[in-house]
Amino acid sequence: QVQLVESGGGLVQAGGSLRLSCAASGTIFSVGIMGWYRQAPGKQRELVATINSIGTTNHADSVKGRFTISRDGAKNMVYLQMNSLKPEDTAIYYCNVHCRSLPTTPWNFYWGQGTQVTVSS
């Protein structure tokens, strides 16, 4: 069983910064790709950034140069550093982790509960 616990988020003024954190806990044998998604009101959930097990990152064009995804040495936490925030970044941000609990069990994607990021103008 795997749970993702997110922290961070909140209200920030345009141009400000926030750092989101997501910790994967439970029975985890291996962690693969990790990512952040976001969903604004009335819009579809969209990919923000991903990072694989060797640190290769991918950032959506809308956040490239402003957001940076990273993961810790234990590969069980993923972060999203958000700088130069804009009102259009306002959304619920979700952590997503690909992992398996045992070497004999299948890999699954897990979602965090989401954390609200609100950027005021």
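Is it true that some residue in segment 15-30 is out of contact with any strand residue (DSSP E or B) (no Cβ under 8 Å at 6 or more places or on another chain), open to solvent by less than 60 Å² (accessible area, probe 1.4 Å) and either over 25 Å from Thr105 (Cβ atoms) or modelled with pLDDT of 95 or more (or both)?
yes
Filter segment 57-69 down to the residues that are in contact with a Leu (Cβ under 8 Å, 6 or more places away or on another chain) and open to solvent by less than 60 Å² (accessible area, probe 1.4 Å) and list them by number.
Within segment 57-69, Ala60, Arg66, Phe67, Ile69 meet the criteria.
Counting just the residues of segment 81-96 that are open to solvent by 10 Å² or more (accessible area, probe 1.4 Å) and over 11 Å from the mean Cα position of the chain (by Cα), which one comes out nearest to Ser121 (Cα to Cα)?
Among residues in segment 81-96 that are open to solvent by 10 Å² or more (accessible area, probe 1.4 Å) and over 11 Å from the mean Cα position of the chain (by Cα), the one nearest to Ser121 (Cα to Cα) is Pro87.
When you go through Ile51, Ile69 one by one, which is the residue that is free of Cβ contacts under 8 Å to residues at least 40 places away in the same chain and within 16 Å of Tyr110 (Cβ to Cβ)?
Ile51
Regarding segment 20-30, can at least one residue be identified that is of a type outside the set (Asp, Glu), on the phi > 0 side of the Ramachandran plot and assigned to a strand (DSSP E or B)?
Yes, that holds for at least one residue.
The values are calculated or read from the model by the stated rules, or taken from the named source; none is laboratory data. These numbers come from a predicted model, not from an experiment. Every residue, glycine as well, gets a Cβ built from its backbone with ideal geometry; the counts of neighbours run over all protein chains shown. Only protein heavy atoms, including side chains, enter the accessible area calculation; ligands, DNA and RNA are left aside. Shrake-Rupley method; radii C 1.70, N 1.55, O 1.52, S 1.80 Å.
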